[in-house]
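Asks: This is the structure I want to talk about, given as structure tokens.
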Amino acid sequence: MIDRETIDRIYAALNIVDIVGDYVTLRRKGVNYEACCPFHQEKTPSFKVSPARGIYKCFGCGKTGNAVNFVMESESATYPEALRMLAKRYGIEVREEAMTDEDIARNNNRESMFALNGWAMEYFRRYMMTEDEGRSVALSYFSSVRGFSDATINRFGLGFCPSSGDRFSMEALAAGYQRDYLLSTGLSIERESDGRLRDRFYDRVIFPIHNISGRIVGFGGRTLRSDKKVAKYQNSPESDIYNKRRELYGLYFAKKAIQQEDVAILVEGYADVISMHQAGVENVVASSGTSLTEEQVRLLGRFTQNVTLMFDGDSAGVKAALRGVDIILKEGMNVRIVLLPEEHDPDTFARQSDSESLRAYIRDNSQDFLAFKARLLLGEATGDPLKRADAINDMVGSISLIPDEIKRSEYVRYCAEIMAVEQQTLAVAVARQLEGIKGNGEAQNFLQRQQLRERQKATPSSLYVEKPTSEQNAKLGSSYPVGTTPETLERDLAKYLLKYGHIYCSVLDDNNQVVEFNVANYIFEQLDEDNLQFNIEVYRTIMELYRAEWMRLGEGHEVSSHIFINHHDPDVNRVSIELLTADDNYVISKIWEQKEVHIESAEEQLAEAVPEAVGLYKWRMLDKRIAELQARLVCEGEDVEAVLSLLSKYMAARVVISKNLGRLI
């Protein structure tokens, strides 16, 4: 395991804005940053990053954490793996303590696969650059046929696997790499006849596949043979580190340009990506030889909401452009298309263009995809009523996938116009599709609002104002519903400690005298009074950490949140961040004060909320003890009188707490 000192050094070096900014486009807003959440679909940014606290939180899906949590979530990495990635980024040497057998096995598996892939990339590159076969076959292909420069070849790590059939595998074994990892990465295949290893990519030029953080997760191999019985491309199989549905070829090299341009250009093949990059247009990615997937589209959505498809101008290219677009529309992204001249694909077109002319062509020939699709389908259906009906239904299916209602309505209007269909007819057809996708309520709402927009256009002087249905409730500690669990109460008490433990509150006692109490002191005294400890381990750990620091600093001093946010236990830091960001948007809004509207202060709210939470928690724990005693009454050998006496004591205490809480038993 990574030692504590190394973990502390990593946390001390972290800059959460830089780390999160590698995955999503952050925009500064006051002292914080915001973006559309990378973990769920949304159009309005609700993902916030606080550099002061070193944390992020999505107020849409609720995901929250620090820089390490973010890398874990984004890379599907374990806690140690994320720490190692960040240590490498900041040039920190990782020192490790003795690990359990399970830790060693889990860590070795993925890390050994990454290490082997990294070695393999260097092997293929070196073989191409130094061996006669590599230079004559692969280097000449990349340089002369594809026109890639040495800088481009090195940047993308291109190479060649020997044609002998098993040379790579034998040299990997000789270099100390284990057979199991050669098989699990798919670099080698076991022969059925004799169990010997052979190279998966033998006699193929190699395109390494990088994940979003730049690590090699797999390879694509292209044959240069003209034999049609040999598959043109062969890719690494799925493994613990490679899932082709989740990877986009070239994204590691393109992500900064995509953020800057606020658009991603999607092409088909490896060479298309590389030639475009070499031509100076770097916001380009490919789907790694697979049909476009939801995971790939969501990955792109971390960086931009705008996708431009670039395909060949022939019929095959047009059909390719139609595939997968509904997935992009479903994710709420904007889709445009650029069709190239029929004799070109992105690779050949980029090779004959300089950066300026290539950008100009994309800009001048980019068209809205649904408009393009509508014209295309109508052209194919000329003079055939049945084909025309199919074309309209096809468009209806695509439009109904668009989650943004305004955009959906605009496409209904536009497509009704160019397809010569009544707008209301098209809207009803879209509503029927919506009924199947999202339910009847969504369909009815869409139709009603569509009709409302049409009335607005017809009578522009009319005002249609949606009035708010309720007022905001600014109270911190509203009453708990009956049936609230002890786990919920433990969470709330831990939250009160972390966020407000240093605050003093004032309440009136039974004699109408003002009594002041400190939040942390009150919680500790009340729980200690009945010898209560939290049942949930992570809340118990947070409580113990807070108590130790509180005792060191003294009552009323604020305990630093960084103790919890940067704790070495990932469960503690994750839950702590969730609690610290609960009910707050990183900064306290002054809007109500500016409007001279009084709301209860934090102290006033906490004066009610904390005692209520503590009292209800005691009540629930008494319930548990009473149930345990009642169960003991029917057990043989129990001292019934002693149990009844204790039961009577607990019941009386429960009545007192219930009275204080104003609840019925």
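The values are calculated or read from the model by the stated rules, or taken from the named source; none is laboratory data. For clarity, every value in this text was computed on a predicted model and none was experimentally measured. Neighbour counts run over all protein chains shown; Cβ positions are idealised from the backbone, glycine included. Each accessible area value is taken on the protein alone, full model and side chains, heavy atoms only, with ligands, DNA and RNA left out. Shrake-Rupley method; radii C 1.70, N 1.55, O 1.52, S 1.80 Å.
Asks: Given 0.36 nm per residue, what is the gain on full extension from LEU376 to GLU405 after removing their alpha carbon distance, in nm?
Replies: Length gained, LEU376 through GLU405: 8.0 nm.
Asks: For the stretch 189-201, take each phi angle, set θ = phi - 60°, evaluate the Karplus expression 6.51 cos²θ - 1.76 cosθ + 1.60, and give the result in whole Hz per residue in order, putting x for glycine and proline.
Replies: Computed from phi, the couplings for the stretch 189-201 are 10, 8, 5, 5, 5, 10, x, 6, 8, 10, 7, 4, 9 Hz.
Asks: Report the relative contact order of the stretch 26-157, percent, no decimals, based on alpha-carbon pairs under 8 angstrom and at least 6 residues apart.
Replies: 9 percent
Asks: Let's test the formula: R0 of 56 Å, r as the Cβ-Cβ distance of ASP18 and ASN531. What FRET efficiency results, to the nearest 0.05?
Replies: Approximately 0.75, to the nearest 0.05.
Asks: Now for a separate question. Taking a 18 Å limit on the Cα-Cα distance, which of the listed pairs LYS43/LYS330; LYS29/LYS495; LYS618/LYS649; LYS48/LYS495 fall beyond it?
Replies: LYS29/LYS495; LYS48/LYS495
Asks: Using the per-residue mean of other Cβ atoms lying within 10 Å as a proxy for protection, in what order, highest first, do the peptides 639-648, 245-254 fall?
Replies: Going by the mean number of other Cβ atoms within 10 Å, highest first, we get 245-254, 639-648.
Asks: On to the next question. Provide the gained length on full extension for the span ARG198 to ALA389, in nm with one decimal, where the gain is 0.36 nm per separating residue minus the Cα-Cα distance.
Replies: Answer, rounded to one decimal: 63.4 nm.
Asks: Let me ask something else about it. In nanometres, what is the gap between the two model label sites at ASP571 and SER357, each 7 Å from Cα along Cα-to-Cβ?
Replies: Result: 6.3 nm between the two label points.
Asks: To continue, here is another question. Through the Karplus equation 6.51 cos²θ - 1.76 cosθ + 1.60, θ set to phi - 60°, convert the phi angles of the stretch 23-28 into ³J(HN,Hα) values in whole Hz; use x for Gly and Pro.
Replies: 10, 9, 8, 8, 10, 5
Asks: Please give the net charge around ILE92, taking every other residue with its beta carbon less than 10 angstrom from that of ILE92, where Lys and Arg add +1 and Asp and Glu add -1.
Replies: +4
Asks: For ALA350, what charge total do you get from the other residues with a beta carbon under 12 Å from its beta carbon, if Lys and Arg give +1 and Asp and Glu give -1?
Replies: Once positives and negatives cancel, what remains is -2.
Asks: Round to the nearest 0.05 the FRET efficiency obtained for ARG540 and ASN108 when R0 = 41 Å and r is the Cβ-Cβ distance.
Replies: That pair, ARG540 with ASN108, gives E of 0.80.
Asks: Under 16 Å from a point 7 Å along the Cα-to-Cβ line of SER560: which residues of the stretch 47-77 have their amide N that close?
Replies: Of the residues in the stretch 47-77, 52-55 have backbone N under 16 Å from the label point off SER560.
Asks: Need the full-extension length gain, GLU417 to ASN365, defined as separation in residues times 0.36 nm minus the C-alpha distance. One decimal, nm.
Replies: Extending this stretch completely gives an extra 16.5 nm.
Asks: Amide H to amide H, which residues 5 or more places from VAL421 or on other chains are under 5 Å from it, using H placed in the peptide plane?
Replies: none
Asks: Using the Cβ atoms and a cut-off under 14 Å, what net charge is assigned to the surroundings of ASP390, where Lys and Arg are +1 and Asp and Glu are -1? List each step's numbers first, then the result.
Replies: Details: positive: LYS373, LYS387, ARG388; negative: GLU380, ASP384, ASP394.
That works out to 0.
Asks: Non-local amide H neighbours of PHE148 (under 5 Å, H modeled in plane, Pro and chain starts lacking H): which ones?
Replies: Amide H neighbours of PHE148, under 5 Å, 5+ apart: SER143.
Asks: Carbon-plus-sulfur fraction of the accessible area of the stretch 113-233, 1.4 Å probe, in percent?
Replies: Answer for the stretch 113-233: carbon and sulfur cover 46 percent of the accessible area.
Asks: So, for the stretch 95-202, what is the accessible surface per residue at a probe of 1.4 Å, expressed in square angstrom?
Replies: 49 Å²
Asks: Using modelled backbone amide H atoms (1.01 Å from N, in-plane), which distant-in-sequence or interchain residues come within less than 5 Å of ASP3's amide H?
Replies: Residues meeting the criterion, in which the H sits 1.01 Å from N, are ARG95, GLU96, GLU97.
Asks: Now, a different point. Residue by residue through the stretch 39-44, which ³J(HN,Hα) values in whole Hz follow from phi under the Karplus form 6.51 cos²θ - 1.76 cosθ + 1.60 (θ = phi - 60°), with glycine and proline marked x?
Replies: 9, 7, 7, 7, 9, 9
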